[in-house]
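For reference, the structure discussed in these notes is given below.
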Amino acid sequence: MATDATIKSVPESQLDPNQPAYVVGSEGEVLSTIEGKKQVEAAVTNRKSTQGPATKLVSGAEVESLAAGCAYRNGVALPDGQWHVSVDGCGIIGFNTSATWLYSWIVDITPYRSSNACTVARGYIRVGTYYKANWWDTGCGRGHTASVPIGNVATVAKMQFKAYGGVMPAYLRWK
């Protein structure tokens with residue numbers, strides 16, 4: 001669940017009045033959408049009436065990166081040189097064609113001695129009038145965070161893992 005510390009109000013100078021803005025609750029939930037140049041400008045001018053004590057006024061880009069209620073999942077990759085598919089992750093919905101999902105993973109060294117890992121995450125690319133699943137590189141080593149395009153798609157987060165650099169499996173935590 002997102003905390004108040006992870007949800008930041010956007011300074012007035014960074015809100016684009018030609019793009020929607022969102023009033024977001026303290027746990028990352030979208031409470032209302034403000035669309036139209038006059039409405040966004042009015043919200044910026046009169047922030048106190050737009051926001052209650054536990055809300056933030058944010059841009060669409062900030063809302064798209066929130067992962068409210070998304071817990072870490074466990075993953076494991078055997079040291080066999082093969083890609084191992086994760087369990088389903090969080091449910092995600094892309095707001096528009098430029099929406100992204102922020103994947104994050106780390107090698108879990110306790111209670112086992114874990115090998116390093118390489119990872120890829122499922123995203124989507126637009127092909128004509130539909131979206132096609134595609135695997136995007138999300139890094140190798142002990143952990144990484146990467147933004148992956150999902151577009152205007154409702155799906156679940158998914159990753160693949162490969163162990164390398166050791167004889168032990170790679171144990172991971174990801175979201």
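The values are calculated or read from the model by the stated rules, or taken from the named source; none is laboratory data. Predicted model, so just to flag it, every value in this text is computed and none were measured. All Cβ positions, glycine included, derive from the backbone under ideal geometry; neighbour counts span all protein chains shown. Heavy atoms of the whole protein, side chains included, go into the accessibility calculation; ligands, DNA and RNA do not. Shrake-Rupley method; radii C 1.70, N 1.55, O 1.52, S 1.80 Å.
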Reported set for the range 85-102 where residues are within 15 Å of Trp136 (Cα to Cα) and either in contact with a Cys (Cβ under 6 Å, 6 or more places away or on another chain) or not β-branched (Val, Ile, Thr) (or both) is Ser86, Ala99, Trp101, Leu102
So Val87 fits all but one of (1) open to solvent by 20 Å² or more (accessible area, probe 1.4 Å); (2) at pLDDT below 60; (3) among the hydrophobic types (A, V, I, L, M, F, W, C); what number is the exception? (2)
Among residues of the range 123-162, those that are loosely packed, with under 13 Cβ neighbours inside 10 Å, of a type in the set (S, T, N, Q) and part of a loop (DSSP other than H, G, I, E, B), counted: 1
I'd like the residue in the range 68-103 that is more than 14 Å from Lys158 (Cβ to Cβ) and of a type in the set (Ser, Thr, Tyr) and, out of all such residues, is nearest to the chain's Cα centre (by Cα). Thr100
For the range 97-115, how many residues are farther than 20 Å from Cys70 by Cβ and surrounded by 17 or more Cβ atoms within 10 Å (Cβ to Cβ)? 2
Since Val120 meets every condition but one in (1) surrounded by 14 or more Cβ atoms within 10 Å (Cβ to Cβ); (2) modelled with pLDDT of 95 or more; (3) farther than 22 Å from Leu78 by Cβ, which condition does it not meet? (3)
